[in-house]
Amino acid sequence: EVYKRQPSTSPRTDPPPPPPPIPTTIREQTGQYGSRTFRDTNGAKDRGEDIPPHTWVDIECRTTGSGVTSVPGWWYRIKSQPWDGQYYAPAKNFMNGDEPGQTPPTDTDFAVPVC
């Protein structure tokens with residue numbers, strides 16, 4: 001005996017579209033002095049290539065460090081080349097959405113996710 005599929009009488013609803021992808025990086029620009037980079041935020045160890053002044057880079061996330069009194073806050077993990085997610089820079093060395101000369105400056109862009 002052969003069975004035939006009966007057409008559905010209920011209305012068909014398509015699943016909702018997936019949400020837009022979350023950006024994997026946030027663009028930030030260094031300030032007038034640029035920034036040093038370090039592989040280790042605890043004590044600012046293993047120095048990397050400096051980021052020149054007014055340079056846009058991709059930031060992967062933010063984290064805290066210790067042992068560096070001049071950097072009491074957040075550090076950004078730099079995704080752009082040549083740092084490739086292996087080096088960090090103090091968040092306060094970036095514009096963080098500020099206009100040049102803005103007082104007081106914004107030390108951290110809290111839109112950057114925590115690592």
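The values are calculated or read from the model by the stated rules, or taken from the named source; none is laboratory data. All of these numbers come straight from a predicted model, not from anything done at the bench. Cβ sites come from the backbone with ideal geometry, for glycine too, and all protein chains shown count toward neighbours. Ligands, DNA and RNA are stripped out before the accessible areas are found, and what is left, the full protein with its side chains, is counted by its heavy atoms. Shrake-Rupley method; radii C 1.70, N 1.55, O 1.52, S 1.80 Å.
From the list D107, D98, exactly one residue is surrounded by 14 or more Cβ atoms within 10 Å (Cβ to Cβ), of a type in the set (D, E), under 12 Å from Q29 (Cβ atoms) and modelled with pLDDT under 95. Which is it?
Every option except D98 fails the conditions.
Taking the stretch 38-59 on its own, how many of its residues are assigned to a strand (DSSP E or B), open to solvent by 60 Å² or more (accessible area, probe 1.4 Å) and without any contact (Cβ under 8 Å) to a residue 40 or more places away in the chain?
Number satisfying all stated conditions: 4.
Return the residues of the stretch 34-89 that are more than 25 Å from P100 (Cα to Cα) and hydrophobic (A, V, I, L, M, F, W, C); say none if nothing qualifies.
Within the stretch 34-89, F38, A44, V68, W83 qualify.
Search the stretch 16-43 for residues being at pLDDT below 80 and not β-branched (V, I, T), and hand back the single one that is nearest to R62 (Cα to Cα).
P23
Within the stretch 81-115, track down each residue that is in contact (Cβ under 8 Å) with a residue 24 or more places away in the chain and closer than 18 Å to G48 by Cα.
Of everything in the stretch 81-115, those that are in contact (Cβ under 8 Å) with a residue 24 or more places away in the chain and closer than 18 Å to G48 by Cα turn out to be P82, W83, G85, Q86, Y87, Y88, A89, P90, A91, N93, F94.
If only one of R62, R27 is in a strand (DSSP E or B), in contact with a strand residue (DSSP E or B) (Cβ under 7 Å, 6 or more places away or on another chain), among the basic types (K, R) and open to solvent by 70 Å² or more (accessible area, probe 1.4 Å), which one is it?
Going through R62, R27 in turn, just one is in a strand (DSSP E or B), in contact with a strand residue (DSSP E or B) (Cβ under 7 Å, 6 or more places away or on another chain), among the basic types (K, R) and open to solvent by 70 Å² or more (accessible area, probe 1.4 Å): R27.
Specify the residue that is most open to solvent (accessible area, probe 1.4 Å); the eligible residues are those in the stretch 65-85 that are closer than 17 Å to P105 by Cβ and of a type outside the set (G, A, S).
For the stretch 65-85, the residue satisfying everything is P72.
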